[in-house]
Amino acid sequence: MPQRIHSTFDVAVVGGGVIGLAVAWRAQRHGLRTVVLEREAQLGRGATHAAAGMLAPVSEANVAERELLRLGLASAARYPAFADAVAAAGGEDPGFLRCGTMAVARDRDEAEALDRERAMRDQLGLEVERLLGSEARRREPGLAPTLRLALDVPDDHAVDPRRLLVALAAALRADGGEIRTAAPVARIETAGERVTGVTLAPEAADGAGATIAAEQVVVAAGAWTPRLAGLPDAVRVPVRPVKGQILRLRDPAGPGLVTRVLRMDPGYLVPRGDGRYVLGATMEERGYDTTVTAGGVFELLRDASELVPGLSELVLEELEAGLRPGTPDNAPALGAGALGGLHWAAGHHRNGILLAPITAEILLASLTGAPPPDLAAPFAPARFTDTTRKEVAA
């Protein structure tokens, strides 16, 4: 039986997380008729749902990843205007919080490592302030008396990914875009050297074999990107799942235990500004396993409680393991693919929430044929070759 054409769009975005919705909203706002196809019954149940929402290009800076640093700084600079525009379009607060970040050290070894981190950031021209333990505790009284050293990073902030997701969905719908949940994409359809749309999986709410025709397709499927059929191996971006266990806690007394994002070795504590906190996250190469383990939870709580003793009094509300989408170089693939009409917004690894504004900007340029920002060049999907894939597989 021939497949039926379910509907026709200018752009079909595969994936309903923050990245997919941000790209779809910018495309729809530009005048492209856009649909988002989310595999789950609810939006953003993948990496977005588990993400902590740190906007921390400075505190996460790595001298070996200068291009990724530039991309992150550019996206962070766009966040205030991006959040305001999303809120104005859909009427929902995206949860952007200007809070700053503090990197902290518990002992001499960690303090020495933190001093090296400060020197590296000075070399890169990034603003950080070195604080002795007493000054760090004055600014954040919830920190332990044994704290040795800290770096205050005033321009690294945070956003609540779950609120951002709701706000982006509202903005997209308000601008006339369409969102379909329970719509897993089984394959990307092609004809000759270009894409023609997507076909939904048998379990989709729209029915088995339903085809959605689209002039252009954006792959924003996160860790599930490898499960999309229909594309030749030579044009695929290699993506793998990277597991991260994360905890959500609540202070019955309300906000104030800490006011900044705290970065520690090896995790982080992110305040939401209302008495809720996110503690994470492990980094595990375990395929599509999303089990929460006693060992992972114990290590996160142990390390964080040494720095913030009051953490042990908080209510544990949620345990979760999410899957980050990683590429061979752990940097995203952004822009046009090797087939006409195929575009990638994939492989953001730990930086999906941070990079949402700049990803949407780069993909809009790709979709409309406009010149992309110069800083997008190192993240072109074309950098992934068959040789790279073979090395990763080995």
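What follows draws every value from the coordinates through simple rules; no lab data is involved. Just so it is clear, the structure is predicted and the values come from calculations on it, not from any experiment.
Using only Cα atoms, locate the centre of region 261-328 and the centre of region 73-141, then give the distance between them in Å, rounded to an integer.
Rounded to whole Å, the Cα centres lie 18 Å apart.
So what does the Cα-only Debye profile of region 155-255 read at q = 0.19 Å⁻¹, as log10 I(q)/I(0), no solvent term?
Log10 I(q)/I(0), no solvent term: -1.15.
Using 5 Å bins from zero, what percent of all Cα-Cα pairs in region 295-389 falls into each bin?
It works out to 2, 11, 18, 17, 11, 10, 7, 9, 8, 6, 1, 0, in whole percents.
May I ask you to give the average projected area over all directions of the convex hull of the Cα atoms of the chain, in nm² rounded to one decimal?
Values: hull surface 77.5 nm².
Taking the Cα atoms of the chain, their convex hull projects to 19.4 nm² on average.
Using a Gaussian network model of the chain whose springs link C-alpha atoms within less than 10 Å, name the residue from Gly95, Gly295, Gly17 with the highest mean-square fluctuation.
In the Gaussian network model the winner is Gly295.
If you take the C-alpha gyration tensor of region 271-334, multiply each eigenvalue by 5 and take the square root, what semi-axes do you get, largest first, in whole Å?
Working: eigenvalues 138, 45, 26 Å².
For region 271-334, the semi-axes come out at 26, 15, 11 Å.
Let me understand region 228-269 better: what is its radius of gyration from the alpha carbons, and its Dmax, in angstrom?
19.5, 55
Looking at region 252-304, I'd like the Rg to Rh ratio, where Rg is from alpha-carbon atoms and Rh is Kirkwood's inverse mean 1/r.
Details: Rg = 12.9 Å, Rh = 12.4 Å.
The Rg/Rh ratio comes out at 1.04.
With each run of n ≥ 4 DSSP H residues scored as -39500 (n - 2.57), what mean residue ellipticity at 222 nm is computed for the chain after dividing by its residue count and rounding to the nearest 500 deg cm²/dmol? Walk me through the numbers before you get to the answer.
Working: 9 runs with 113 residues, N = 394.
So the calculated ellipticity at 222 nm is -9000 deg cm²/dmol.
Using only the alpha-carbon atoms, what does region 60-106 span along each of its principal axes? Please give whole angstrom values in decreasing order.
40, 30, 10
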